[in-house]
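Structure first, commentary second.
The values are calculated or read from the model by the stated rules, or taken from the named source; none is laboratory data. All of these numbers come straight from a predicted model, not from anything done at the bench. Backbone-built Cβ (ideal geometry, glycine too); neighbour counts: all protein chains shown. Just so you know, the surface numbers come from the protein's heavy atoms only, side chains and all, with ligands and any DNA or RNA stripped out. Shrake-Rupley method; radii C 1.70, N 1.55, O 1.52, S 1.80 Å.
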Amino acid sequence: MNNFSEDIDINVRLNNIFKKRFDIDLFNNQYDINIEDNLLGRKFKLRARDLIYLLYDIEKEFDIEISEFHIDNIKFNNINNIRDIINDALNEKEKEAM
């Protein structure tokens, strides 16, 4: 996966979700995946309803709730944005726990 060097734990867990749900290995260079590639685009070829499954899987895996703000502002559309959303939600959860 191109440009995907930060947040190793998040990367691995996201990859597991993509492999299990969509049979897509984000780390397989054969696909030439870039973290800015649109999930609904020609490389991923996901459908809009697949994003609902992805949202559910991410919330469950990371024990977070993704805000409507991130969905309404079309931020849930590529790996880079999703990684940022997860980081934001985990940071918010950590603040609430303090």
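Some points to look at:
- One decimal place: the segment GLU94-ILE71 gains 6.1 nm when fully extended, by the rule 0.36 nm per residue minus the C-alpha distance.
- Against the chain, whose longest principal axis is taken from its Cα atoms, helix 8-22 shows a tilt of about 60°.
- Note on ARG47 and VAL12: their simple-model spin labels are 3.3 nm apart, each label 7 Å out from Cα toward Cβ.
- Taking every DSSP helix (H) stretch of at least 4 residues in the chain, weighting each as -39,500 (n - 2.57) and dividing the sum by the residue count yields a mean residue ellipticity at 222 nm of -17500 deg cm²/dmol.
- Of the cross-linked pairs LYS19/LYS93; LYS20/LYS93; LYS19/LYS60, those separated by over 21 Å at the C-alpha level are LYS19/LYS93; LYS20/LYS93.
- Taken per residue, the accessible surface of the chain reaches 65 Å², heavy atoms only and a 1.4 Å probe.
- Stokes-Einstein translational diffusion, the chain - Kirkwood Rh over all Cα pairs, 0.890 mPa s, 25 °C, in µm²/s: 179
- Compared with the alpha-carbon gap, the fully stretched path from ASP32 to LEU55 is longer by 5.9 nm at 0.36 nm per residue.
- Local charge for ILE33 was computed over the other residues whose Cβ lies under 12 Å away, with Lys and Arg +1 and Asp and Glu -1, and equals -1.
- Per atom type, the stretch 8-87 shows carbon and sulfur on 46% of its accessible surface, probed at 1.4 Å.
- Length added when fully stretched, ASP25-ASN87, from 0.36 nm per residue minus Cα-Cα: 20.2 nm
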